[in-house]
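Let me begin by presenting the structure, written as structure tokens, before commenting on it.
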Amino acid sequence: MSLKKETSLTFHLPNFESKLRIPYVKEGVSAGFPSPATDFLGNEIDLNKELCKNPLATFYIKVNGNSMINAGISDKDILIVDRSLEPQNNKIAVCFIDGEFTVKRIQVEDDCLYLMPENPSYQPIKVTEESELVIWGMVTYVIKNL
């Protein structure tokens, strides 16, 4: 199956010059029993600064496709990708393989490397000596539309 049909990505840089501040409930919200309301209007958050630990190496990437759906990454989700992080086994990465971008889980075996989808409808990509692979960045967050 072609990578083009599998997943395509749209890249965006974070805007650290933005003055947009969003109200933020620092105390959190209970996912169990309801808790008393707190005054949260004085707290604000800048998601660019909060979610981008390495600003010069961070990108937002929009996903097109569903090869990673069982990892919680769906079509039209926004990934936050940090290029300064070292690739690690079993972590999710944006990869550039044989001239195309894809998002997959890295799986290191004794004799080779695989780029693993998280959807049984897609096959793993075995990285061979003939493959041109660059681990472009590591996924640090997923922003979803529910």
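Of all residues in region 75-93, how many are among the β-branched types (Val, Ile, Thr) and at pLDDT 95 or above?
Total meeting the criteria: 1.
Return the residue satisfying two criteria in turn: it lies in region 112-146 and is assigned to a loop (DSSP other than H, G, I, E, B) and within 19 Å of PHE11 (Cα to Cα), and of such residues it is farthest from the chain's Cα centre (by Cα).
Just the residues of region 112-146 that are assigned to a loop (DSSP other than H, G, I, E, B), to begin with: 112, 117-124, 128-132, 144-146.
Imposing the further condition that a residue be within 19 Å of PHE11 (Cα to Cα) reduces the set to 144-145.
Numbers: LYS144: 10, ASN145: 14 Å.
Here the answer is ASN145.
Quick test of your reading of the structure: ASN145 fulfils all but one of (1) at negative phi; (2) open to solvent by 30 Å² or more (accessible area, probe 1.4 Å); (3) without any contact (Cβ under 8 Å) to a residue 60 or more places away in the chain. Name the failing condition by number.
(3)
Specify which of the listed residues (ILE135, ILE125, ILE92, ILE80) is open to solvent by 40 Å² or more (accessible area, probe 1.4 Å) and of a type in the set (Val, Ile, Thr).
Every option except ILE135 fails the conditions.
Would you confirm, using the coordinates I've provided, whether SER121 is farther than 14 Å from TYR141 by Cα and free of Cβ contacts under 8 Å to residues at least 60 places away in the same chain?
When the stated conditions are applied, SER121 passes them.
For TYR60, indicate whether it is at pLDDT below 90, surrounded by 10 or more Cβ atoms within 10 Å (Cβ to Cβ), under 30 Å from TYR122 (Cα atoms) and of a type in the set (Ser, Thr, Tyr).
Against the criterion (at pLDDT below 90, surrounded by 10 or more Cβ atoms within 10 Å (Cβ to Cβ), under 30 Å from TYR122 (Cα atoms) and of a type in the set (Ser, Thr, Tyr)), TYR60 qualifies.
Which one of ASN119, ASN66 is open to solvent by less than 90 Å² (accessible area, probe 1.4 Å), modelled with pLDDT of 95 or more and either among the charged types (D, E, K, R) or out of contact with any strand residue (DSSP E or B) (no Cβ under 8 Å at 6 or more places or on another chain) (or both)?
Every option except ASN119 fails the conditions.
Out of the residues in region 101-111 that are modelled with pLDDT of 90 or more and not aromatic (Phe, Trp, Tyr), which is nearest to the chain's Cα centre (by Cα)?
The qualifying residue nearest to the chain's Cα centre (by Cα) is VAL103.
The values are calculated or read from the model by the stated rules, or taken from the named source; none is laboratory data. From a predicted model like this one, the values you see are computed outputs, not experimental measurements. Backbone-built Cβ (ideal geometry, glycine too); neighbour counts: all protein chains shown. What goes into the accessible areas is simple: the full protein's heavy atoms, side chains included, and nothing from ligands, DNA or RNA. Shrake-Rupley method; radii C 1.70, N 1.55, O 1.52, S 1.80 Å.
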